[in-house]
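Only one structure is covered here, and it is reproduced in the block below.
Each value in this text was obtained by applying a stated rule to the coordinates, not by laboratory testing. In this text the structure is predicted, and so the values were computed from the model without any measurement. Please note: Cβ atoms are built from the backbone with ideal geometry, for glycine as well, and neighbour counts cover all protein chains shown.
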Amino acid sequence: MNTSLVIFDLDGTLINSINDLAAATNHALSILGYPTHHVSAYPYYVGNGVTKLIERALPSDVRTPEVIERARKEFMAYYDEHDTDESTPYPGVPELLRDLNDRGIRLAVASNKYQRAVELLVPHFFPDVPWVAVEGQKPGVPTKPDPSIVFEILSKSPTPKSEVLYVGDSGVDMVTASRAGVTSVGVTWGFRPESELVASYADFIISQPDSLMSVIESRLKF
C-alpha cells in the first residue's frame, strides 16, 4: 500500500506551541479580570480551536457567548504578536519533513488553529517545505473532529484515501482521520497522553518522528 500524502496536525504534532498558547489565553483572561492558569493545564484545554480553548479556560459561570467572544479577540490580538516567542518544532520534525519530501510524498497541514495563524506559523518554521495545502479553522467550516478539513485538502491534492496518512497527537485527530476514512498515526510527543490515542483507536502510534518512515514502509508490505 503506497503512501502518497501525509496530513499533519500542527500544535502538538509539528510544533510545541503550548507556552505561547497559554500566554495568549492568560493575557486574555487577565484583561477581562478572570483567573489565569498554569501552563500545565493547557494541554487539556487546546485541540478544538480558539473558541473552545477560551471556553475551557474561563470560569464555568461566565462562559457566555459575549464573554467568550471578548476573550477570543484579546487572545488573537496578543497571539498574532507573540505566536513564535517560545514555540519551536519538535526535535526530528524538520528532518522528517525533508525525508518525506525527498521521497516524493506530498505534505499538508490540517489544524484547528485559525487560518491566519496557521498561514504565518507553518512557513515561519518550515520555509523550505512545499506544502500542497495549509488548512486552519475558517468561518463557517466546522472544526475537527469533523472531517471537512481533510476533504478540503483532498480537493486541492486529489489522492486515494488508502494512500493518505493523517498524523496527530490527540483523540480529536484520530477521530478526524477515522471520519475522513484515512489511516491515523498518533504521536506521543505532543500534548495528550498515549492512552487517549489508544482509546481513540489510532491505527498506528509512534514515539519519535523518524518512526513514521517505519509506518510507511510497513504499509508497502500489504
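A crude spin-label estimate for the pair residue 40 and residue 210, with each label 7 Å from Cα along the Cβ direction, gives 3.3 nm. Label separation (residue 162 vs residue 119): 3.7 nm, computed from points 7 Å beyond Cα along the C-beta direction. As a proxy for reagent exposure, ranking 42, 166 by other Cβ atoms within 10 Å from fewest up yields 42, 166.
Kindly state, to the nearest 0.05, the FRET efficiency for residue 67 paired with residue 146, given R0 = 25 Å and r defined as their beta-carbon distance.
So the FRET efficiency works out to roughly 0.50.
A Gaussian network model of the chain, with springs between Cα atoms under 10 Å, assigns the largest mean-square fluctuation among 157, 195, 60 to 60. Over all directions, the projected convex hull of the C-alpha atoms in the stretch 18-82 averages 3.8 nm² in area.
Run through every distinct alpha carbon pair of the stretch 51-177 and return the Kirkwood hydrodynamic radius in angstroms, one decimal place.
Kirkwood hydrodynamic radius for the stretch 51-177: 16.4 Å.
From the largest down, the stretch 102-222 spans 37, 32, 27 angstrom on the principal axes of its Cα atoms. Among 104, 181, 140, whose mean-square fluctuation peaks in a Gaussian network model of the chain (Cα, cutoff 10 Å)? Fluctuation is largest for 140. The chain gives an Rg/Rh value of 0.97, both radii derived from C-alpha positions and Rh following Kirkwood. Computed over the stretch 152-222, the percent of Cα pairs more than 17 Å apart is 42. When the Cα positions of 17, 171, 150 are compared along the charge dipole of the chain, 150 comes out farthest toward the positive end, with charges on each C-beta of Lys, Arg, Asp and Glu. Please report the antiparallel percentage of the DSSP beta bridges confined to the chain, to the nearest 5. Here the share of antiparallel DSSP bridges comes out near 10 percent. The lysine pair tally for the chain, using Cα distances under 15 Å and a gap of 8 or more places or different chains, is 7. Extending 7 Å from Cα along the Cβ direction at residue 138 and again at residue 81 yields two label points whose distance is 2.9 nm. Within the chain, which whole H helices from DSSP have a Cα span along their axis of at least 15 Å and a mean Kyte-Doolittle hydropathy of 0.0 or more, if any? Span-like helices, by this rule, are 18-32, 115-125.
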